[in-house]
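The values are calculated or read from the model by the stated rules, or taken from the named source; none is laboratory data. Every value quoted in this text rests on a predicted model; they were computed, and no experiment measured them. Cβ coordinates were reconstructed from backbone atoms using ideal geometry, including for glycine residues, and neighbour counts include every protein chain displayed.
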Amino acid sequence: MQSTAQGPAQVEDHPLVTDVNAAHCDRLSVTERICRRIADATGAPIALLLAILLQLGWVLWGTLTRWDPYPFAFLLTCSNILQLILIFVISVAQKQQTLHDEIRAEADHDTISRLLYHGEIQDRILVRLAERSGVDVSDLAPMIASLSKAS
């Protein structure tokens, strides 16, 4: 890996490597970015802990003060509304993740294709160098040919 004045070169800095994350983020609308942040936040373990604590606190407070007694109708109504909103927010975030996965798969395919082509060229160069050096590579030719064929 080459080193620059700022430090070691990163794979993402190579001209033939596409930064899929940046490409995906550039395509997101403001609404999609907000949905993604909300989905990321609600998927965190701390969100589960906070939801449990909030509901337990609500049940205790509602029971003690008789503000929202059993069966906690107001708590259930608020929970249902929040769940309905989050269903759509998470759906939008999942759609964006699917699009990101498709972009990444295409970029990976392009990169792997370039690597395979590069490897094939290197094989041919090595065989030519071996032939010019007087090394018998006739037994390698069928193997190289079979690797070059598409299955």
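From the list Thr63, Thr77, Thr98, Thr111, which residue is exposed (fewer than 11 other Cβ atoms within 10 Å of the Cβ), of a type in the set (Ser, Thr, Tyr) and either out of contact with any Asp or Glu (no Cβ under 6 Å at 6 or more places or on another chain) or on the phi < 0 side of the Ramachandran plot (or both)?
On the way: Thr63 fails: exposed (fewer than 11 other Cβ atoms within 10 Å of the Cβ); Thr77 fails: exposed (fewer than 11 other Cβ atoms within 10 Å of the Cβ); Thr111 fails: exposed (fewer than 11 other Cβ atoms within 10 Å of the Cβ).
The conditions single out Thr98.
Which one of the conditions (1) loosely packed, with under 14 Cβ neighbours inside 10 Å; (2) in a helix (DSSP H, G or I) does Pro69 fail to meet, given that it meets all the rest?
(2)
Pairs under 8 Å by beta carbon, first residue at pLDDT below 95 in the stretch 52-63, partner of a type in the set (S, T, N, Q), six or more apart or different chains?
Going by the 8 Å Cβ cut-off, the qualifying pairs are Gln55/Ser79.
So which pairs qualify, if the first residue must be in the stretch 106-133 and modelled with pLDDT under 90, the second must be among the small types (Gly, Ala, Ser) and surrounded by 10 or more Cβ atoms within 10 Å (Cβ to Cβ), the Cβ gap must be under 7 Å, and the two must be at least 6 apart or on different chains?
Pairs found: Glu120/Ser148.
Do you know which residues across the stretch 134-151 are in a helix (DSSP H, G or I), surrounded by 10 or more Cβ atoms within 10 Å (Cβ to Cβ) and free of Cβ contacts under 8 Å to residues at least 12 places away in the same chain?
Met143
Assess whether Ala105 counts as being surrounded by 13 or more Cβ atoms within 10 Å (Cβ to Cβ) and not in a loop (DSSP other than H, G, I, E, B).
Against the criterion (surrounded by 13 or more Cβ atoms within 10 Å (Cβ to Cβ) and not in a loop (DSSP other than H, G, I, E, B)), Ala105 does not qualify.
State all residues of the stretch 108-133 that are in a loop (DSSP other than H, G, I, E, B) and either closer than 30 Å to Thr42 by Cβ or touching a Ser or Thr at 6+ places or on another chain (Cβ under 6 Å) (or both); if no residue qualifies, say none.
none
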